[in-house]
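The values are calculated or read from the model by the stated rules, or taken from the named source; none is laboratory data. Here the structure is a predicted model, which is why all the values come from computation and not from measurement. A quick note on method: Cβ atoms are made from the backbone with ideal geometry, for glycine too, and the neighbour counts reach across all protein chains shown. Calculation scope for accessible area: heavy atoms of the full protein, side chains included, ligands and nucleic acids excluded. Shrake-Rupley method; radii C 1.70, N 1.55, O 1.52, S 1.80 Å.
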Amino acid sequence: LPSVLCLGDCQLQTPCRIQKCTTDFVSLTSHLNSALEGFDLEFCKALRAYSACTYRNSKVCRGNLVYHSAVLGISDLMSQRNCSKDGPTSSTNPEVTHDPCNYSGPTEAREHQGGEKAHPTTYLFCGLFGDPHLRTFKDHFQTCKVEGAWPLIDNNYLSVQVTNVPVVPGSSATATNKITIIFKTYQDCTDQKVYQAVTDDLPAAFVDGTTSGGDGNTKSLRIVEKVSGKYVEMHAKYIGTTVYIRQLGHYLTLAIRMPQELVMAYEESQDLQLCVNGCPSTERIDDSGHLPLPVMGQLLPQGGAAHPWSVYTLETATTKCHEKILVKDIYFYSCVFDLLTTGDANFTAAAYSALQDVEALHPRKEHWHIFPSDGGGGVGKGSKFFVGLGLVCLILVVFL
C-alpha cells in the first residue's frame, strides 16, 4: 500500500480573514460619538483589537493588499489618536474573546454568539491495540490483519498512519510497530509538526527535536512524556485533540479523542481511514465482533524463535486476562484472543491499557464497554458472552 502521508507540503490552506477583522472594527466603533467623553479610550481599545486580529492573520494574509492597507491604516489612526500599542482591547469583539488557538466548539456555534446558546462539542474516540484490535470513531469494534502501512486518520488537520507487522509466522495476526502523526499547519497556532514512534523508540519530541508547536507561551501543541520510552501524550488544544501512544512489549498502542466536526473535515479522496470507516472487509478477522479463537491448547509454530512461546489454553488465557480486566467485554476477549494467538503476556497489558485509555478519553461513560453480543458496535450493560464449551462453534483456526 503506498504511503498516504506527505512529509513535505501537507498543509491546510487557511483563508485570509482580514475582512472579518475590518467588519468587527466597524461594528465596535460605528456607535461611538467623537464629541462625547470617553471616545478616545473606546476607539483605542477597538484599534488594538483590530491590530491583534490582523496580527493573527499575518501569515495567511501576506500577499493580500487589503491586509497591508489595513495594517498601515491602523498605524496611522493610532498615531492620530495617541493610542498606545499596549493596553485593554474591546471585550465585545468575538475575535478577541475567542482564542483561535484554543478550540471551543463547532464553527457555526462560535459564529452565533449573540442569541442562540452554543451547542456543546461532540467528541469522538478511536483506539488501536493488540493484534490489532480497532475501535472506530463510531464505536464499532473490529479485529483486522491490515499488514503494512495504513491510514487511521487523514483529514484537514491531522494525519495518522500505522504500520503493522506479522506477530507469529504463518498467522494472519499482526501488531503495530510504527506510528506516524502529522499535525498540519494551522493559522498562527502551529507550523506543521511530524511525530514518529517505532518499537523501542518512543520519543518525547517531534522529528525536528521540538516538544511543542505555536507560540512559546501558549503552546497550542505539546508533547508530554508520562513514562520514559513507554508512554507519551500529545495535546493539540487548537483542534481540541488528545493522543496517547504506548509501547507494551514489542508493539505500540494508540488512543485519540477529536471533535466530530474536525474528524469529518476531509475530502472524498481521503475516505480510506480505519478510524472513520473501519477495516476493509477483506482485512477483517472477527465476525461482527466475535473473535475466532485458535484451537485450545495447540502449540503455535515457533518459526526458529529464540524463546518458545508460553502455552495458553482457553482456561489459562481466560484466567490470565481476568486478573487485569474484570468486566468480560470485548477488551477481555481481545486479551484472550491475543494470548491464544501469540502466547505473549504483554498483550494482556495492552488490552488493559487500551481500556484505561477509553475511560480517560471516551466522552460517554455508558459507551466504555462493548460486548460481542452487540454485533461489535452496540453497547449494553450486563450483556454476557461466556467462554466455555458452548463456544466450540467459534473456536476456529486463524492461520491462513
Charge tally in the Cβ shell below 9 Å around Leu221, where Lys, Arg are +1 and Asp, Glu are -1, Leu221 excluded
+4
Put a dot 7 Å past each Cα toward the Cβ at Arg364 and Asp201; how far apart are the dots in nm?
4.0
Among 333-345, 219-231, 73-85, 134-146, the order from most to least packed when residues are scored by Cβ within 10 Å on average:
333-345, 134-146, 219-231, 73-85
Calculate one ³J(HN,Hα) per residue across region 28-41 by plugging θ = phi - 60° into the Karplus curve 6.51 cos²θ - 1.76 cosθ + 1.60, and present them in order as whole Hz with x for glycine and proline.
7, 10, 5, 8, 6, 10, 5, 7, 8, 5, x, 4, 4, 4
Over 18 Å (Cα to Cα) among Lys45/Lys85; Lys193/Lys237; Lys226/Lys365; Lys178/Lys320 -> Lys226/Lys365; Lys178/Lys320
Among the aspartates and glutamates, which fall within straight-line cross-link reach of Lys184, defined as a Cα-Cα distance under 19 Å, with same-chain neighbours fewer than 8 residues apart omitted?
Asp9, Asp99, Asp154, Asp208, Asp215, Glu233, Glu261, Glu267, Glu268, Asp271
Would you mind getting the accessible area per residue of region 13-65, heavy atoms of the protein chains only, 1.4 Å probe, in Å²?
59
With a sphere of radius 13 Å drawn around the Cβ of Tyr231, what net charge do the other residues whose Cβ falls strictly inside it have (Lys, Arg +1; Asp, Glu -1)?
0
Please compute the length gained on full extension between Ser27 and Val165, using 0.36 nm multiplied by the number of residues separating them and subtracting their Cα-Cα distance.
43.8 nm
Which whole-number percent of Cα pairs in region 135-282 have a distance greater than 26 Å?
24
